[in-house]
Amino acid sequence: MTDTPKKSDIVELRPNIYQIRLGFPSSHCYLIKGKPKNVLIDTGMAFTYPKLVTCLAELGLEPRDIHLIILTHEHVDHIGATAYMFRESVVAAHPLAANKIELQDEFVLMRKYVDAPAELFNADIWLEGDTIIELGNYRLRVLHTPGHCSGCISLHEPDHGLLFTGDTVFAGGALSGIFGSGSISDYVHSLKRLNGLHIEEFYPGHGPISKTPQEDIKKAVVDSCTLMEDCKVLFEAIDTKTSFIRYVTSSRKTKKPR
C-alpha cells in the first residue's frame, strides 16, 4: 500500500502547472494540465512510480490520463518510470536522447548503477529544437541545450516567461555535472542561449525553483566559462601529445597492406 503524498510533494506553480517531488535521487516531475491534453515532463525513477501514481491521483488523474511524456534528457533518474507508462502515453525526447534510450546505451543512461526499470521503452516522437507543443493554455518551445549530456532539452513557455530546465541549470545558477556524452563547451553555449530568453521563473529537475532566473542564468554562464578555462589548464597539464602520437603510431602498425 502506498502512503498518501505529503502536501509538500505537490506544488501548484502556476494555474494547472504542478511540481511533483518524488524525493532523492529521483528528479522532480512537472505536470501541465492542458486544454484538453495533459503533459508530464520527466517521470522520475522506476522505484518512485507508486508515489507518482498517488500524486497524480491527488490531482484527479490516473497514469492513463497523461497524453504526452516529455523527457528532458536520457538519465535514469528522469526516465525510469516511463517504462510503466509508455503503452498508454506518447513519449517524446530529443533524437540524441531517444537513440540512447532505444539502444540502451548504459554508458550514458547509468541505469544499472541506481535502478532497474520493469521494461524497456522507446520514444515515440523525436523532438527537434524549436518544435512547438501547443496545449491550449500553454505553449512549450523545445530548446536543445546539451552540456550535461548530449540529449538535454529545456522547454520554454514564451507567453508566461517560464522555463523547464531539466538538469541544465539549477536555482542559484548552480551547474550540473558533465556526464558521458556531455561537453563543457556545449554547456557554455546552451547557457548563453538561455540567457537571451524572457524568463520570469525556471523550474529545474532537482531542488527549488528559481524566482530570479536572469541573475541565476547569468551566474551560470560566468561559472561555466570559468569551468571551461579550468579544463584548459587541466588538459595542458596532461601529456596529450604523447598519447596522440602513440595512438596514431599504433593505428598505422595495424593497418593492413593493400
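The values are calculated or read from the model by the stated rules, or taken from the named source; none is laboratory data. Worth saying up front: this structure is predicted, and the values here are computed from it rather than measured. Cβ: placed from backbone, ideal geometry, glycine included. Neighbour counts: every protein chain shown. To get the accessible areas, we keep the full protein, side chains included, count just its heavy atoms, and leave off ligands, DNA and RNA. Shrake-Rupley method; radii C 1.70, N 1.55, O 1.52, S 1.80 Å.
General observations
- Among (1) closer than 17 Å to SER224 by Cα; (2) under 15 Å from the mean Cα position of the chain (by Cα) - the single one ARG141 does not satisfy: (1)
- The single condition among (1) within 15 Å of LEU140 (Cβ to Cβ); (2) of a type outside the set (Gly, Ala, Ser); (3) in contact with a helix residue (DSSP H, G or I) (Cβ under 9 Å, 6 or more places away or on another chain) that ILE10 does not satisfy is (1).
- Some residue of the stretch 43-65 being within 18 Å of PHE170 (Cβ to Cβ) and in contact with a helix residue (DSSP H, G or I) (Cβ under 9 Å, 6 or more places away or on another chain): yes
- Some residue of the stretch 177-197 being of a type in the set (Asp, Glu) and surrounded by 23 or more Cβ atoms within 10 Å (Cβ to Cβ): no
- The residues of the stretch 142-195 that are under 19 Å from GLN19 (Cα atoms) and assigned to a helix (DSSP H, G or I), listed by number, are ALA171, GLY172.
- Applying the criterion of at least 3 residues that are open to solvent by 50 Å² or more (accessible area, probe 1.4 Å) to the helices (runs of 4 or more DSSP H) found wholly in the stretch 4-116 leaves 49-58, 95-103, 111-114.
- The condition of being surrounded by fewer than 24 Cβ atoms within 10 Å (Cβ to Cβ), of a type in the set (S, T, N, Q) and not in a helix (DSSP H, G or I) holds for ASN122.
- Qualifying residue in the stretch 196-215 (condition: in a helix (DSSP H, G or I) and either closer than 21 Å to CYS149 by Cα or modelled with pLDDT under 95 (or both)): no
- Of the numbered criteria (1) modelled with pLDDT of 95 or more; (2) in contact with a strand residue (DSSP E or B) (Cβ under 6 Å, 6 or more places away or on another chain); (3) not in a strand (DSSP E or B), the one GLY129 fails is (1).
- Top-ranked residue in the stretch 138-161 [being polar (S, T, N, Q) and within 15 Å of ILE41 (Cβ to Cβ); ranked as surrounded by the fewest Cβ atoms within 10 Å (Cβ to Cβ)]: SER154
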